[in-house]
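Participant: To start, I am sharing the structure in question, which I have written as structure tokens.
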Amino acid sequence: MAIFEVKNGTVKPVKLSQFNSEKELQRLVETNLGAIFNCRFVASEFSTGNVHAGRIDSLAISEDSNPVIIEYKKVASSELITQSLYYLHWMKDHKGDFEMAVNKALGNEIEIDWSDIRVICLAPEYKKYDLHAAQVIGANIELWQYKLYENGVFNIEEVHRKITTATSHEHESNNGKNPVMVEAGRKAAITRKTATYTIEQHSEILTEPLSDLFNDVREYIIGLNEAVEEVPKKRYVAYKTSQNFACLQIYKTKITVYLKLNPDEVGTMPTQGRDVRAIGHFGTGDFELTIKSFSDFEETKHLINEALKNIGG
């Protein structure tokens, strides 16, 4: 991808640059973890003890309170994937060590969600063998590629993440159904098969009218973009691309939606909405919508779309 600087109606190519050291890259990411990966910093150069004799470059916790391991390379290296896999298995066997590190860095109020562990590899490039290895391994390892330009532009792009494929019967004929609705159902079916927490666990308290509303809200959100994932968590259902943009909490008489929107930029505050920046809540997002009826949903669904745009979706 070529980058150009536009000046007085002409373009000038911006040359690639590089970090002076791997540590410089690491410091930049750790200082800006919230903006880059939407995570909170826990520790740097974390020792795995005398037996394992390793050091995890960066430990963090995701917006969904999942453990995060980040490993860096200044040059392409196949060791990055195997090293990250080694640390992933260490983490699964040493949950207490991570919990102690989180308590020390962020306090003991955080409830860690062990249903998922994110492993992020960040390097300037990957060889085709590395990409193939990540696919074959099947572990939850994300490969991110970065580029640094001479004008200070820092670009990162995800090049691999574990993807669950649908079974053959999930690809059968749509039978005249709305293709967006069919796709929403397919993604939900995949989630039911793979998630530690399920949609059914969240929706079992719903009465029939609200159950229909819940399904409409889900199908609308999933249909916004083919990259949208539905991820049931312990206390809410998250909808994300590179990061969460909407989280649903289910109650007997209402659905609460938390959106990645700045309440100050919403304009006229809808009657269903409120600013929750100073109010504790599960799920990510500073703007809350309370949906009790189909009319509530119709009046506010555009805000869900705005939240997706807000994260670059």
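Participant: What is the helix-to-structure angle for 294-310, meaning the angle in degrees between its Cα long axis and the longest Cα principal axis of the chain, kept from 0 to 90 and rounded to the nearest 10?
Facilitator: With both axes taken from Cα atoms, the answer is about 10 degrees.
Participant: Sticking with this structure for a sec: For the chain, modelled as a GNM with alpha-carbon contacts under 10 angstrom, which of Asn155, Asn50, Asn103 fluctuates the most?
Facilitator: Sorting by GNM fluctuation, first place goes to Asn50.
Participant: Also: What full-extension length gain, to one decimal in nm, is calculated for Asn151 and Ile205 as 0.36 nm per residue of separation minus the Cα-Cα distance?
Facilitator: Gain in length upon complete extension: 14.0 nm.
Participant: Could you size up the charge dipole of the chain around its Cα centre, putting +1 on the beta carbon of Lys and Arg and -1 on that of Asp and Glu, and report it in debye to the nearest 20?
Facilitator: For this selection, approximately 500 debye.
Participant: Let me ask something else. I need the calculated FRET efficiency for the pair Ala35 and Arg161, taking r as the beta carbon distance and R₀ as 25 Å, to the nearest 0.05.
Facilitator: Numbers: r = 20 Å, r/R0 = 0.78.
About 0.80, to the nearest 0.05.
Participant: Taking a threshold of 21 Å on the Cα-Cα distance, which of the pairs Lys95/Lys234; Lys104/Lys240; Lys73/Lys260; Lys92/Lys128 fall above it?
Facilitator: Working: Lys95/Lys234 18 Å; Lys104/Lys240 29 Å; Lys73/Lys260 31 Å; Lys92/Lys128 28 Å.
Violating the 21 Å limit, Cα to Cα: Lys104/Lys240; Lys73/Lys260; Lys92/Lys128.
Participant: Within the chain, what's the longest stretch lacking GluC sites (Glu not before Pro) that sit in DSSP loops with no more than 16 other Cβ atoms inside 10 Å?
Facilitator: 1-108
Participant: Given points 7 Å out from each Cα along the Cα-Cβ axis, report the Thr196 to Ser47 separation in nanometres with one decimal.
Facilitator: 2.8
Participant: Evaluate the relative contact order of region 197-311 (contact order divided by residue number), counting alpha-carbon pairs under 8 angstrom at least 6 apart; express in whole percent.
Facilitator: With pairs under 8 Å counted, the relative contact order is 25 percent.
Participant: Using a 1.4 Å probe over the heavy atoms of the protein chains, calculate the carbon and sulfur portion of the accessible area of region 3-161 as a whole percent.
Facilitator: The C+S portion of the solvent-accessible surface of region 3-161 is 50 percent.
Participant: With charges set only on the Cβ (+1 for Lys and Arg, -1 for Asp and Glu), what does the dipole of region 3-161 come to about its Cα centre, in debye to the nearest 20?
Facilitator: Around 620 debye, computed over region 3-161.
Participant: Gaussian network model of the chain, Cα springs within a sub-10 Å range: biggest mean-square fluctuation belongs to which of Ile291, Ile137, Ile81?
Facilitator: Greatest mean-square fluctuation among the candidates belongs to Ile137.
Participant: Pull out the extension gain between Glu22 and Ile112, defined as 0.36 nm times the separation in residues minus the alpha carbon to alpha carbon distance; nm, one decimal.
Facilitator: Full extension of this stretch gives 29.5 nm more.
Participant: Further question: Which option, [x] 16.0; [y] 20.3; [z] 16.9, is the value of mean projected area of the Cα convex hull in nm² that was calculated from these coordinates?
Facilitator: Recomputing mean projected area of the Cα convex hull in nm² here picks out [y].
Participant: Ok, one more. Given the rule -39500 (n - 2.57) for each run of at least 4 DSSP H residues, summed and divided by the residues of the chain, what is its mean residue ellipticity at 222 nm, to the nearest 500 deg cm²/dmol?
Facilitator: Numbers: 10 runs with 109 residues, N = 313.
Helix contribution divided over all residues of the chain: -10500 deg cm²/dmol.
Participant: Mind putting a number on the dipole of region 27-116 about its Cα centre? Charges go on the C-beta only, +1 for Lys and Arg and -1 for Asp and Glu, and I need it in Debye to the nearest 20. Let's see the in-between values first.
Facilitator: Numbers: 8 positive and 14 negative charges, 79 e Å.
So the magnitude is around 380 debye.
Participant: Continuing with the same structure: Hey, what's the chain come to in accessible area per residue, 1.4 Å probe, Å²? Walk me through the numbers before you get to the answer.
Facilitator: On the way: 16640 Å² over 313 residues.
Value returned for the chain: 53 Å² of accessible area per residue.
Participant: Sticking with this structure for a sec: For Cα pairs less than 8 Å apart in space and 6+ apart in sequence, what is the mean separation divided by the residue count of the chain, i.e. the relative contact order in percent?
Facilitator: RCO, the chain: 11 percent.
The values are calculated or read from the model by the stated rules, or taken from the named source; none is laboratory data. It should be emphasised that the depicted structure is a prediction, and the values quoted were computed from it without experimental measurement. Neighbour counts run over all protein chains shown; Cβ positions are idealised from the backbone, glycine included. The accessibility values were calculated without ligands, DNA or RNA, using every heavy atom of the protein model including side chains. Shrake-Rupley method; radii C 1.70, N 1.55, O 1.52, S 1.80 Å.
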